[in-house]
Amino acid sequence: MPKLLVILSLLFLMACSPSDDNQTTGSKAPPAPANGEEHSASNGDIATSSPMPGTSRSIVLAADPWCPHNCEAGSSQEGYMIEVARAAFAMAGIEVIYQNVSWARALKQVHEGHIDGVVGALAGEGGDLIFPEEPIGYSRTVLFTHPDSTWVWNGLASLANQSLLAINGYSYSPELDDYIRENQDKPEQVWIISGPSPLLRAIELLEQRRFDVFPEDLAVMEWTLHNKTTGIHPRNAGQIYQSPAYIAFSPAKANAPELADTLSDGIRALRSSGQLAKILDRYGVHKAD
């Protein structure tokens, strides 16, 4: 009899307990981000985000830091190209999300349609990228050497007996790009490096005399040296090229031509209002039109 009472009591308690369907399980879904909260990118991944309040949609632009043109994402000075892009697209209700990845990765991502655009592309760079009518800046490519060097640029022939360092995926000038492609398998002539901060690495390697000469944008080098307190200051050995610089858009996205037109319209409006000049002044840039 006592065993029967125990069994009946257990059956009664089970009948009164809630079913598993109404209980919380051991796994817990992460909370959804707050409105407008961005997911940060890690390990080179491209982040996405919901549009900020007051905007109808968002686009993702990416590049490696190339200050003052485009700088560190999320910093107090993200670069004049980013500030101009944000202001131009905001007029159309579009939020700009800016990410830092290596330039080679940015080009790969934009061609595959994982991001909307890349920042700082030179005219004709990147194959079938969609370019707007309005450039967002200008690039002046200069060759730099160790400060003890006396070498000067005098055309491709002057590179004889000089080891050249280049950054993976970068475009410098039509003739230098051809030279790099033709000699990239000859490490005694061309050495290609990559990474999220390749300029600082290049200066470090130059200080170690691991190569002789490398090309870089003049404004980028001046900005870097102004903020660099240790190590050598590379020597200007001559300008080789000057080109407009653009935000170029993904050929894999159907709205790329629309984004290019929207950016051009916004740049023209910023120029007319005087806001473009104010943005450039904050970075010490005096010509972008």
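Please treat every number below as a calculation from the coordinates, not as lab data. Small disclaimer: the values here were computed from a predicted structure and weren't measured. Note that each Cβ is placed from the backbone with ideal geometry, even for glycine, and that neighbours are counted across all protein chains shown.
Loop-resident trypsin sites (Lys or Arg not before Pro) (DSSP state other than H, G, I, E or B) in the stretch 243-289 with no more than 13 further Cβ atoms inside 10 Å of their Cβ: LYS287. With only the Cα atoms considered, the stretch 137-208 has a convex hull volume of 118 Å³ per residue. Our Cα-only numbers for the stretch 241-289 put the radius of gyration and Dmax at 13.0, 36 Å.
By the count of neighbouring beta-carbon atoms within 10 Å, fewest first, ASP64, ASP177, ASP281 end up ordered ASP281, ASP177, ASP64. Net length available on complete extension from ASN255 to GLU112 is 50.1 nm, with 0.36 nm assigned per residue and the Cα-Cα distance removed.
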